[in-house]
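The values are calculated or read from the model by the stated rules, or taken from the named source; none is laboratory data. On a predicted model such as this, the values are computed, not experimentally measured, just so you know. Virtual Cβ from ideal backbone geometry, glycine too; neighbours counted across all protein chains shown.
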Amino acid sequence: MAADGIEAWFAAAGPREAELRRVDALVQEAAPGIDRSLVPAGAGQMLGYGLMPYRPRSARTTTSWPLIALAAQKRHLSLYVCAVVDGGYLAEDRADRLGTVSCGKSCIRFTSLDRVDTDALGALLRDAVASTSSGRNEYFTGGVS
């Protein structure tokens, strides 16, 4: 059932489907075996990879949130990399290596994967997975504000 839901999510993206599939393939190549699931995001859904326990500061209970998430926005794609390494947000710290992208703390925005340095992005994704493989991630423990 989950795979059917993911296929429906791709299909619902219309003209962005092919680009989303390219990014999905890159994530899976960089992080072989990582779990994939749809996660709620506002009124829609994102494709999440590597669910981890997460408790926002304002919450009383722990939930799950993906280490990596992919979303189609109105004018661009967003790839969220929720990893803090050595006290810094991994996506933000490596933004200058990623090509023609716009970055926030954990969000990498781009219009096409053709504008991204896919080698640098693959390395960033591998490092995010490796740095959190023990289950520890400052992003999810509130170690960085």
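Things to note:
- Of residues in region 26-58 being closer than 15 Å to SER78 by Cα and small (Gly, Ala, Ser), the one nearest to the chain's Cα centre (by Cα): GLY48
- Every pair of residues 6+ apart whose Cβ atoms lie under 6 Å, when the first sits in region 119-132 and is farther than 18 Å from GLY99 by Cα while the second is part of a helix (DSSP H, G or I): ALA128/LEU90
- Residue count for region 56-95, restricted to those that are of a type outside the set (S, T, N, Q) and in contact with a strand residue (DSSP E or B) (Cβ under 7 Å, 6 or more places away or on another chain): 18
- Any hit, region 51-68, residues being in contact (Cβ under 8 Å) with a residue 24 or more places away in the chain and farther than 20 Å from THR132 by Cβ: no
- Test: residue in region 75-87 that is under 13 Å from the mean Cα position of the chain (by Cα), of a type in the set (Gly, Ala, Ser), surrounded by 12 or more Cβ atoms within 10 Å (Cβ to Cβ) and assigned to a strand (DSSP E or B): yes
- Verdict on GLY33 being at positive phi, small (Gly, Ala, Ser) and assigned to a strand (DSSP E or B): no
- Looking only at region 95-122, and only at residues there that are of a type outside the set (D, E, K, R) and touching a Lys or Arg at 6+ places or on another chain (Cβ under 8 Å), the one that is nearest to ALA25 (Cα to Cα): LEU113
- Qualifying residues in region 71-91 (those that are of a type outside the set (A, V, I, L, M) and at pLDDT 95 or above) - the one farthest from VAL39 (Cα to Cα): SER78
- Within region 116-135, if we keep just the residues that are exposed (fewer than 12 other Cβ atoms within 10 Å of the Cβ) and at negative phi, the residue that is modelled with the lowest pLDDT turns out to be SER134.
- For region 93-108, a residue qualifies if it is buried (at least 16 other Cβ atoms within 10 Å of the Cβ) and either under 13 Å from the mean Cα position of the chain (by Cα) or among the β-branched types (Val, Ile, Thr) (or both), and the qualifying residues are VAL101, CYS103, LYS105, SER106, CYS107, ILE108.
- Selection from region 54-78 of residues that are under 26 Å from GLU19 (Cβ atoms) and touching a Phe, Trp or Tyr at 6+ places or on another chain (Cβ under 7 Å): TRP65, PRO66, LEU67, ILE68, ALA69, HIS76, LEU77
- A search for C-beta distances below 9 Å between a residue of region 74-101 that is without any contact (Cβ under 8 Å) to a residue 60 or more places away in the chain and at positive phi and any residue that is surrounded by fewer than 20 Cβ atoms within 10 Å (Cβ to Cβ) and polar (S, T, N, Q), counting only pairs 6+ apart in sequence or on different chains, returns ASP86/SER131; GLY99/THR118.
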